[in-house]
Amino acid sequence: MSALQIDAEGFRLHDKPFRILSGGLHYFRVHPEQWADRLRKARLMGLNTVETYVPWNLHEPRPGEFRMDAGLDLPAFLDLAAQEGLHVLLRPGPYICAEWEGGGLPSWLLTEPDIRLRTQDPRYVRAVESYFGQLLPSLLPYLATRGGPVLAVQLENEYGAYHLDPAHLGHLATVLRGCGIDVPLFTCDQPADLAQGSVDGILSTANFGSRAAQSLVELRAHRPAGPLMCTEFWIGWFDRWGGRHVVRDASDAAASLDELLAAGASVNFYMFHGGTNFGFTNGANDKHTYRPTVTSYDYDSPLDEAGDPTEKYTAFREVIAKYAPVPDEPVPARGDKLAVADIRLTLSAPLLPNASALSTPVLSERPMTMEELGQDFGFVLYESTLPAAGPALLETFAVRDRAQVFVDGQPVGVLERENHEHAVAFTVPRAGAVLSLLVENQGRVNYGAGIHDRKGLAGSVAVNGTELTGWTNRPLPLRSLLGLPFAETVAPPVGPAFHHGTVDIDQPADTFLSTAGWTKGNAWVNGFNLGRYWSRGPQHTLYVPGPVLRPGRNEIVLLELHASHRERTVAFRDTADLGPVEE
């Protein structure tokens with residue numbers, strides 16, 4: 001590999017003109033045993049480069065606790081890219097957006113009540129410098145200046161749309177250079193934000209999905225000489241719970257790509273392969289109304305969520321072939337899929353009476369937020385006692401993001417941030433009844449000022465106008481379900497419960513878990529958290545990577561928060577159901 005050069009005419013590599021043909025492929029959204037397959041398919045589509053973000057919140061889940069193993073083994077991903085002959089655009093943040101939980105910023109930053117994220121706030125800057133100090137040394141051998149695949153490194157992400165501190169980008173550039181990053185740095189912004197998101201001496205690039213010629217004109221007006229590049233060429237979009245599945249016509253996207261390449265620009269498809277927001281990692285948006293993102297990050301990409309080529313793959317390959325060599329190999333075939341009907345979940349374990357098996361309680365006068373509890377993902381179970389019997393009006397200051405309310409274990413209401421709900425009325429059966437609120441973090445906001453998004457019960461709780469004090473806070477990150485006393489039950493439990501079943505398979509393969517007939521919750525297969533399901537859709541199946549399964553017996557667990565399927569069954573399907581398409 002050779003270092004990327006930038007001159008007045010454009011990019012140069014090996015002392016020859018070079019066009020970046022890249023596609024987004026986030027290693028943390030793909031099972032590591034599938035990285036090589038996805039990278040090979042990128043090359044076969046005609047790409048010479050792949051792009052990936054780096055999620056700070058997964059790599060440093062606690063201050064100073066740094067991880068780069070298993071599905072976070074970024075060096076292994078870079079090795080595989082190099083073996084495939086692909087270059088890499090690295091986007092290490094610290095903020096990444098990406099429809100990812102908190103935009104990739106770790107939740108523990110929010111333990112500081114007045115911290116100003118993405119600014120020169122000394123507390124934030126110290127944390128960023130520490131993070132880069134842990135992340136970057138192991139990546140230096142992968143820079144193109146040292147023979148590795150990384151051609152360039154992005155400076156922050158779309159800062160022009162945030163722009164709270166003009167000095168911040170310049171400082172981050174100094175930090176990256178000080179850590180040994182000697183390949184070109186670049187920024188990316190939507191055309192209207194280029195002026196606020198650029199730094200002197202650093203390549204400015206643009207993000208857009210249509211009007212390619214006009215967007216490139218705006219980029220050229222901002223940068224009179226040098227390469228033209230679209231760092232996020234939006235060829236699809238993400239979905240939100242309660243919406244429809246968003247798609248973009250392949251021929252329309254291909255025409256925009258042709259327009260872009262005809263202008264001599266470089267491109268990075270956002271996304272080439274979207275992957276999955278496994279576990280609790282989806283983000284959310286909040287433009288006056290909170291909207292959580294779904295589990296699937298299919299993004300209507302050239303490779304679908306299971307890594308199979310779509311119509312866009314062929315359409316883009318044909319356009320790329322007009323401008324660059326494309327491997328003389330056939331389009332990869334669709335992978336084998338597994339289908340198994342009527343898998344019974346015969347064992348159950350109610351959540352509320354078994355919460356002590358999953359967490360250690362923390363006592364406080366007022367409810368504590370997730371961040372105060374040192375928790376990033378999952379749920380918190382809050383419990384207190386009600387002083388008197390009779391009619392009660394429960395009022396909360398802020399529910400982040402969804403609270404199920406119980407009195408003596410019986411459900412009495414749900415409060416949803418998305419619906420701006422703060423209060424619920426019920427009847428207390430006796431003095432000293434136990435009030436329980438199971439609060440779900442549905443995903444921290446990943447864009448705009450809303451990234452300061454603390455979870456759980458934020459603020460006080462009152463009953464009939466009097467603040468309720470004396471709380472037991474139970475963090476439920478659900479990293480492990482060991483210790484749950486599963487047992488056979490004649491009827492499904494009332495309220496939130498875990499449901500367990502097994503299925504025997506001969507040959508593992510990719511599949512899609514159908515949760516039809518269930519209401520809302522999370523699903524695990526062999527201990528791997530597939531993500532959230534919700535009957536409101538649009539998504540009605542969860543992608544199960546083949547490597548998660550094993551020959552013989554496999555375990556399935558659902559945490560159902562509401563009404564269980566009457567027959568308590570699930571199924572493996574051979575096709576995805578991402579819901580009705582947005583017109």
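The values are calculated or read from the model by the stated rules, or taken from the named source; none is laboratory data. Computed from a prediction, not measured in an experiment: that's the story for all the values here. Please note: Cβ atoms are built from the backbone with ideal geometry, for glycine as well, and neighbour counts cover all protein chains shown. Surface areas here come from the heavy atoms of the whole protein model, side chains and all, with no ligands, DNA or RNA. Shrake-Rupley method; radii C 1.70, N 1.55, O 1.52, S 1.80 Å.
I'd like to verify a number: residues in segment 306-324 that are in a helix (DSSP H, G or I) and open to solvent by less than 40 Å² (accessible area, probe 1.4 Å), how many?
Here the count works out to 7.
Taking segment 554-576, which residues are surrounded by 18 or more Cβ atoms within 10 Å (Cβ to Cβ) and under 24 Å from the mean Cα position of the chain (by Cα)?
Passing the criteria: Ile556, Val557, Leu558, Leu559, Glu560, Leu561, Phe572, Arg573, Ala576.
Check segment 449-458 and report whether any residue there is in contact with a helix residue (DSSP H, G or I) (Cβ under 8 Å, 6 or more places away or on another chain), acidic (Asp, Glu) and open to solvent by less than 30 Å² (accessible area, probe 1.4 Å).
So far as segment 449-458 goes, yes, one or more of its residues are in contact with a helix residue (DSSP H, G or I) (Cβ under 8 Å, 6 or more places away or on another chain), acidic (Asp, Glu) and open to solvent by less than 30 Å² (accessible area, probe 1.4 Å).
If you scan segment 345-370, which residues turn out to be charged (D, E, K, R) and surrounded by 15 or more Cβ atoms within 10 Å (Cβ to Cβ)?
Matches in segment 345-370: Arg366 only.
Check Arg430 against each of (1) open to solvent by less than 50 Å² (accessible area, probe 1.4 Å); (2) of a type in the set (Lys, Arg); (3) farther than 22 Å from Pro361 by Cα and name the one condition it does not meet.
All conditions are met except number (1).
On the given criteria, is Asp510 open to solvent by 40 Å² or more (accessible area, probe 1.4 Å) and either touching a residue at least 24 places away in the same chain (Cβ under 8 Å) or under 23 Å from the mean Cα position of the chain (by Cα) (or both)?
no
Just to be sure, is Ala509 among the hydrophobic types (A, V, I, L, M, F, W, C) and either farther than 24 Å from Arg291 by Cα or modelled with pLDDT of 95 or more (or both)?
Yes, satisfied.
Just checking, does segment 251-273 include any residue being in a loop (DSSP other than H, G, I, E, B) and within 30 Å of Val445 (Cβ to Cβ)?
For segment 251-273, residues in a loop (DSSP other than H, G, I, E, B) and within 30 Å of Val445 (Cβ to Cβ): absent.
From Ser198, Ser204, Ser210, grab the single residue that is over 30 Å from Arg43 (Cβ atoms) and of a type in the set (Ser, Thr, Tyr).
Of the residues listed, the single one that is over 30 Å from Arg43 (Cβ atoms) and of a type in the set (Ser, Thr, Tyr) is Ser198.
Quick check: anything in segment 517-532 surrounded by fewer than 19 Cβ atoms within 10 Å (Cβ to Cβ) and within 19 Å of Asp298 (Cβ to Cβ)?
Yes, segment 517-532 has at least one match.
Tell me, which residue of segment 120-151 that is under 14 Å from Leu90 (Cβ atoms) and either outside any helix (DSSP H, G or I) or modelled with pLDDT under 95 (or both) is nearest to the chain's Cα centre (by Cα)?
Val150
Quick check, is Asp342 out of contact with any helix residue (DSSP H, G or I) (no Cβ under 9 Å at 6 or more places or on another chain), open to solvent by 40 Å² or more (accessible area, probe 1.4 Å) and not in a strand (DSSP E or B)?
No.
One line per residue, one yes/no per condition, for (1) touching a helix residue (DSSP H, G or I) at 6+ places or on another chain (Cβ under 9 Å); (2) open to solvent by less than 10 Å² (accessible area, probe 1.4 Å):
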{"residue": "Gly170", "(1), (2)": "no, no"}
{"residue": "Cys179", "(1), (2)": "yes, no"}
{"residue": "Thr187", "(1), (2)": "yes, yes"}
{"residue": "Asp193", "(1), (2)": "yes, no"}
{"residue": "Gly197", "(1), (2)": "yes, yes"}
{"residue": "Asn207", "(1), (2)": "yes, yes"}
{"residue": "His222", "(1), (2)": "yes, no"}
{"residue": "Cys230", "(1), (2)": "yes, yes"}
{"residue": "Trp237", "(1), (2)": "no, no"}
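As an exercise: evaluate Thr472 against (1) of a type outside the set (A, V, I, L, M, F, W, C); (2) farther than 30 Å from Gly160 by Cα; (3) assigned to a loop (DSSP other than H, G, I, E, B); (4) touching a Leu at 6+ places or on another chain (Cβ under 7 Å) and give the number of the one condition it does not meet.
If we test Thr472 against (1) of a type outside the set (A, V, I, L, M, F, W, C); (2) farther than 30 Å from Gly160 by Cα; (3) assigned to a loop (DSSP other than H, G, I, E, B); (4) touching a Leu at 6+ places or on another chain (Cβ under 7 Å), just (3) comes out false.
Which condition number in (1) under 23 Å from the mean Cα position of the chain (by Cα); (2) closer than 26 Å to Ala3 by Cα is the one that Glu99 fails?
Just one mismatch for Glu99, condition (2).
Given the conditions (1) closer than 24 Å to Ile96 by Cβ; (2) of a type outside the set (A, V, I, L, M, F, W, C); (3) open to solvent by 30 Å² or more (accessible area, probe 1.4 Å); (4) touching a helix residue (DSSP H, G or I) at 6+ places or on another chain (Cβ under 9 Å), which single one is not true for Arg474?
(1)
Looking only at segment 152-168, filter to residues that are small (Gly, Ala, Ser) and open to solvent by 20 Å² or more (accessible area, probe 1.4 Å); which one of those is farthest from the chain's Cα centre (by Cα)?
Among those residues, the one meeting the criterion is Ala167.
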